[in-house]
Ligand code: URA
């Protein structure tokens, strides 16, 4: 809770629901790798979500079940006070929104049309600098060095912002083809 960097994702998936912890499935394992690339452990950061439980997705006959879909505007605004409370407790130096849903949840549903408009730039939420980057699941779908480098450049900006040392090796990650 005294983390300098707070990551905000979308909503828990099946693995997260079982463990009761955010980002522990495949996307979470990649997030953990990204964090260790920054020279940190997961425990040194704070990881949260725009919504804290799995979205309801009733089946065709209307029976209650949950699934993977982005939270809608109503769900996000219901959860926002809980996220704000977490931000107040942690008081991070930087918030990182992972993907378009987290970015919309923090910046407003109509703040942008495509993630490219806001990604890699500094914004603000709760008087805290906000960096918007891709969701790690984007990298799971696009394993090119180009997409890895894009997210990495955003994280380098985050490291600079919080005054972390950056090695030459770190500066050069994913520059090859
Ligand atoms: N994806 C998210 O956005 N959040 C999680 O907690 C897990 C996967």
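Just so it is clear, none of the values below were taken in a lab; they were calculated from the coordinates. No experiment lies behind these values; they were computed from the predicted model shown. Here the Cβ is made from the backbone with ideal geometry for all residues, glycine too, and neighbour counts use every protein chain on show.
Only helices enter the 222 nm calculation for the chain: every DSSP H run of n ≥ 4 contributes -39,500 (n - 2.57), and dividing by all residues gives -12000 deg cm²/dmol, rounded to 500. Simple spin-label estimate for residue 2 and residue 74 gives 4.3 nm between the two label positions (7 Å along the Cα-to-Cβ direction from each Cα). Given R₀ = 25 Å, FRET efficiency for residue 149-residue 36 by Cβ-Cβ distance, to 0.05? Efficiency, rounded to the nearest 0.05: 0.90. In percent, rounded to a whole number, the relative contact order of the chain is 23, using alpha-carbon pairs under 8 Å and six or more apart.
Here, P(r) means the percent of Cα pairs in each 10 Å bin from 0 to the largest distance; for the stretch 1-158 it is 11, 42, 37, 9, 1.
Packing order of peptides 62-73, 130-141, highest average first: 130-141, 62-73 (average count of other Cβ atoms within 10 Å over each peptide's residues).
Global size of the stretch 4-68: 13.9, 49 Å for Rg and Dmax (C-alpha atoms, Rg to one decimal, Dmax whole).
Placing pseudo-labels 7 Å out from each Cα toward the beta carbon at residue 14 and residue 84 gives an inter-label distance of 3.6 nm.
One compactness figure for the stretch 86-177 is 1.12, namely its Cα radius of gyration divided by 2.2 N^0.38 Å. Using 0.36 nm per residue and subtracting the Cα-Cα separation, the extra length available between residue 64 and residue 124 on full extension is 17.9 nm.
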